[in-house]
Amino acid sequence: MMIIGLTGGIGSGKTTVARIFELLGIPVYYADDRAKVLMTQDEALVASIKEAFGEKAYLENGELDRKYIANIVFNDPEKLQLLNSFVHPATIRDSLAWAKEQQTPYVLREAALMFETEAFHHVDKVICVYAQQALRIQRVMKRDNVTRNEVLARMHKQIDETIKMKLSDFVIFNNEQQSVIGQVMQLHPKLLDLAKQQ
Ligand code: ATP
């Protein structure tokens with residue numbers, strides 16, 4: 001099974017691009033969404049979080065107390081790193097198990113953080129979705145109803161777009177000048193060919 005990473009900065013349009021691949025029948029693993037589920041359902045992950053952050057990390061109904069955790073990690077980069085050191089490997093394990101069950105020649109693994117985490121080592125190729133920063137800021141402000149500074153704060157946690165593009169095998173430009181659907185339609189047969197060669 002060929003696993004293709006799909007990454008790009010916040011607001012670049014990863015999810016939008018992923019949906020187009022889904023229309024072509026390609027299954028997509030949404031790493032950030034899945035990580036949230038695993039934080040309440042993966043027993044080993046829950047145990048690690050409780051051990052590091054205390055029983056208070058979970059509410060009585062078993063849900064993660066996101067406010068409690070956010071308060072801790074927001075003010076302490078080491079704690080954030082610790083949390084990530086539990087969550088990222090759990091998500092990678094889960095995505096590999098998921099990929100094995102899929103029947104298509106290739107699958108996508110969508111994640112904002114790819115080169116910043118171990119995820120990069122568990123995909124065969126990477127597609128980067130690119131849009132210039134000003135456009136990404138506008139999109140996220142509108143989508144999430146947040147301020148420019150809030151978007152910038154999130155962006156600063158990610159590596160630079162030009163570096164991401166250099167590290168990727170394919171780039172999809174989502175700058176509202178080139179057709180995204182057209183680019184996906186061109187890339188899809190290439191990925192099918194690559195999968196055949198594996
Ligand atoms: P995040 O990293 O925050 O999850 P993302 O990279 O997945 O973001 P999307 O959610 O796909 O980005 O796109 C961000 C916003 O921009 C969405 O509201 C989406 O509908 C809009 N958008 C994306 N691409 C385009 C486009 N080509 N034309 C118009 N709107 C777009």
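The values are calculated or read from the model by the stated rules, or taken from the named source; none is laboratory data. Computed from a prediction, not measured in an experiment: that's the story for all the values here. Please note: Cβ atoms are built from the backbone with ideal geometry, for glycine as well, and neighbour counts cover all protein chains shown.
Taking the stretch 67-108 as the range and being in contact with a strand residue (DSSP E or B) (Cβ under 7 Å, 6 or more places away or on another chain), assigned to a helix (DSSP H, G or I) and not aromatic (F, W, Y) as the test, the residues that pass are S95, A99.
R139: at pLDDT 95 or above, surrounded by 13 or more Cβ atoms within 10 Å (Cβ to Cβ) and either more than 19 Å from the chain's Cα centre (by Cα) or near the ligand (Cβ under 10 Å from one of its atoms) (or both), yes or no? The answer is yes for R139. Taking the stretch 17-46 as the region of interest, how many residues are within 16 Å of the chain's Cα centre (by Cα), exposed (fewer than 15 other Cβ atoms within 10 Å of the Cβ) and farther than 17 Å from W98 by Cβ? Qualifying residue count, the stretch 17-46: 1.
Of K166, K196, K142, all but one fail to be assigned to a helix (DSSP H, G or I), without any contact (Cβ under 8 Å) to a residue 60 or more places away in the chain, within 22 Å of L108 (Cβ to Cβ) and basic (K, R); the exception is K166. Quick check on I4: is it away from the ligand (no atom under 13 Å from the Cβ) and either among the acidic types (D, E) or over 23 Å from I72 (Cα atoms) (or both)? Against the criterion (away from the ligand (no atom under 13 Å from the Cβ) and either among the acidic types (D, E) or over 23 Å from I72 (Cα atoms) (or both)), I4 qualifies. For A52, the test of being away from the ligand (no atom under 11 Å from the Cβ), closer than 28 Å to D124 by Cα, assigned to a helix (DSSP H, G or I) and over 21 Å from the mean Cα position of the chain (by Cα) is failed.
So how many residues does the stretch 124-136 have that are out of contact with any helix residue (DSSP H, G or I) (no Cβ under 9 Å at 6 or more places or on another chain) and surrounded by 14 or more Cβ atoms within 10 Å (Cβ to Cβ)? Of the residues in that region, 1 qualify. Could you please find all residues in the stretch 169-193 being outside any helix (DSSP H, G or I) and within 16 Å of the ligand (Cβ to nearest atom)? Selection gives F170, V171, I172, F173, N174, N175, E176, Q177, Q178, S179. For the residues E150, E78, E118, E101, the requirement of being acidic (D, E) and within 16 Å of the ligand (Cβ to nearest atom) singles out E150.
For the stretch 113-123, filtered to residues that are crowded, with 20+ Cβ neighbours inside 10 Å and at pLDDT below 95, the residue that is farthest from T91 (Cα to Cα) is M114. On the stretch given as the stretch 1-38, residues that are outside any strand (DSSP E or B) and closer than 21 Å to V180 by Cα total 20. Only one entry in A131, A119 is touching a residue at least 12 places away in the same chain (Cβ under 8 Å) and under 19 Å from R19 (Cβ atoms), namely A131.
Filtering G13, G62 for residues that are of a type outside the set (F, W, Y), more than 18 Å from the chain's Cα centre (by Cα) and over 18 Å from N84 (Cβ atoms) leaves a single hit, G62. Every condition in (1) at pLDDT below 95; (2) closer than 16 Å to D32 by Cβ; (3) not charged (D, E, K, R) holds for A90 except the one numbered (1). Scanning the stretch 153-186 for residues that are farther than 27 Å from H122 by Cβ and under 18 Å from the mean Cα position of the chain (by Cα) yields a count of 1.
In this structure, is R109 within 17 Å of I20 (Cβ to Cβ), in contact with a Leu (Cβ under 8 Å, 6 or more places away or on another chain) and surrounded by 12 or more Cβ atoms within 10 Å (Cβ to Cβ)? Yes, satisfied.
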